[in-house]
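J.: Have a look at this one.
What follows is calculated from the coordinates using simple rules that are stated; it is not laboratory data. No experiment lies behind these values; they were computed from the predicted model shown. Every residue, glycine as well, gets a Cβ built from its backbone with ideal geometry; the counts of neighbours run over all protein chains shown.
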């Protein structure tokens, strides 16, 4: 597998990747035998705020390393639903979504978190697809709106802001801020696997690798190899400054234990690796 398409074990798990989704025409790893999804349906929605929910996806094994997955659903002021990093869509999750309102926006925060966009688009044909240019390039089979960058589109600009982290030769990511709930939403720029999860699902040497990689709960960093790939940190530092100006109270990530309080301090620590 090429480095740019791996974007590493933990990142590939971001959208709840299944074997059926790993199709060669999407430029993904053809060695599907290395990846297995655990059984079980996604949990029902968990309400975080009057206009914000999370859905826990399946645990996904990639090259023997299991990862938890999570997506975020926001209800915009006009009632439309904004779905970030969709996980596998089953009848239980779809039933819960249908109770909330019309799904209008399906959002990929980076080029790895996209593999279930097609399934959601089939279920909700009225929904629009969004992602950075890297996602759009990765999925030429899907019809996206204009690429996501630093400025939120009019469709959700009154509810959700965004900051575009770039400068890595491997991958960029758009981070979001849901204003009504004061929640920052991060995909792979912060991973925080708990000790309980790691002891249940990872071997002793895997746990050591996770700690060295900085993706354990008491470190809560981007994977080390992705951090090292930011050769030009100036645009990422600008995005961080924009993000730290948001009045953040909580931070929800795709992988691991999310931050329920003192979100601003959490972000300062997790993005300290970018330097001054």
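J.: What's the ranking of 261-268, 199-206, 212-219, 106-113 by average number of surrounding C-beta atoms within 10 Å, highest first?
T.: 106-113, 212-219, 261-268, 199-206
J.: Can you compute the FRET efficiency between residue 100 and residue 268 using 1/(1 + (r/R0)^6), with r the Cβ-Cβ distance and R0 = 35 Å? Round to the nearest 0.05.
T.: Computed FRET efficiency for residue 100 and residue 268 comes out at 0.60.
J.: Using alpha carbon centroids, what distance separates the stretch 48-125 and the stretch 147-219, in Å?
T.: After rounding, the separation between the Cα centres reads 15 Å.
J.: Ranked highest first by the average count of other Cβ atoms within 10 Å around their residues, in what order do 246-257, 184-195, 126-137 fall?
T.: The peptides rank, most packed first, as 184-195, 246-257, 126-137.
J.: Let me ask another. Quickly rank 116-122, 73-79, 96-102 as a protection proxy: mean count of other C-beta atoms within 10 Å, highest first.
T.: Final packing ranking: 116-122, 73-79, 96-102.
J.: Right, here's the next one. Give me the one-decimal nm value for the distance between modelled label points at residue 182 and residue 122, 7 Å along each residue's Cα-to-Cβ direction.
T.: A separation of 4.2 nm, rounded to one decimal place.
J.: Give, in nm to one decimal, the length gained when the segment between residue 143 and residue 276 is fully stretched (0.36 nm per residue of separation minus the Cα-Cα distance).
T.: Length gained between residue 143 and residue 276: 44.0 nm.
J.: Related question: Is the shape of the stretch 157-221 rounded, prolate or oblate, going by the alpha carbon gyration tensor and its root eigenvalues a ≥ b ≥ c, with a/c under 1.5 for rounded and a/b larger than b/c for prolate?
T.: Because a/c hits 1.5 or more and a/b fails to exceed b/c, the stretch 157-221 counts as oblate.
J.: What length, rounded to one decimal in nm, is gained on full extension from residue 151 through to residue 232, with 0.36 nm per residue of separation minus their alpha-carbon distance?
T.: 27.1 nm
J.: Taking a ≥ b ≥ c as the square roots of the eigenvalues of the Cα gyration tensor of the stretch 43-138, is the shape rounded (a/c under 1.5), prolate (a/b larger than b/c) or oblate?
T.: Oblate, since a/c reaches 1.5 and b/c is not below a/b.
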